[in-house]
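Q: The structure under discussion is supplied below as structure tokens; questions concerning it will follow.
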Amino acid sequence: MKSKFIRCWSLTGLLIFIMGISNLSAGEIYKSFFSSVAINGYDPVNYFTNGSAEKGSPDIKFKWKGAIWYFKTQQNKTLFKSDPKTYAPQYGGHCANGMSEGHKVSWTKLLSQ
């Protein structure tokens, strides 16, 4: 009986811990739990300058709002640094529909559905 009680509380504690971890990644700027890279490494400026979403380079980076942002070119990095709010995704890269419902949902979770 005692071992069942301990297992039950251990499982409960583990679930609470996992739920807490998943909420940590729902910060102001979307980044995965195991990385500080914003929006999965995509260049936030390239969409505005070239009309396409492309991955940035880890060699061209800038830290803003607790996240590391990658850029395809040095010029894109300079543009972002001069006015990050213009180029950063709305809602910090979280799903707009989830935000409208009062919670943060990663846009990458929507891609996997």
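Q: What are the residues in segment 39-73 that are modelled with pLDDT under 90 and β-branched (Val, Ile, Thr), if any?
A: Ile39
Q: Right, here's the next one. For segment 93-110, check the following and say yes or no: at least one residue is modelled with pLDDT of 90 or more, aromatic (Phe, Trp, Tyr), crowded, with 16+ Cβ neighbours inside 10 Å and in contact with a strand residue (DSSP E or B) (Cβ under 9 Å, 6 or more places away or on another chain). So that I can check it myself, show each step before the final result.
A: Quick first cut of segment 93-110, residues modelled with pLDDT of 90 or more only: none.
No, the conditions are met nowhere in segment 93-110.
Q: Follow-up question, since we're still on this one. Hey, does segment 79-87 have a residue that's modelled with pLDDT of 85 or more, of a type in the set (Val, Ile, Thr) and over 16 Å from the mean Cα position of the chain (by Cα)? Can you show your working first?
A: Residues of segment 79-87 modelled with pLDDT of 85 or more: 79-87.
Pick out the ones that are also of a type in the set (Val, Ile, Thr) and you get 86.
Add one more test, that the residue is over 16 Å from the mean Cα position of the chain (by Cα), and what stays is 86.
Yes - at least one qualifying residue is present in segment 79-87.
The values are calculated or read from the model by the stated rules, or taken from the named source; none is laboratory data. Just so we're clear, the structure is a prediction, and the values are computed from it rather than from any experiment. With ideal geometry, Cβ positions are generated from the backbone for all residues, glycine too; neighbour counts draw on all protein chains shown.
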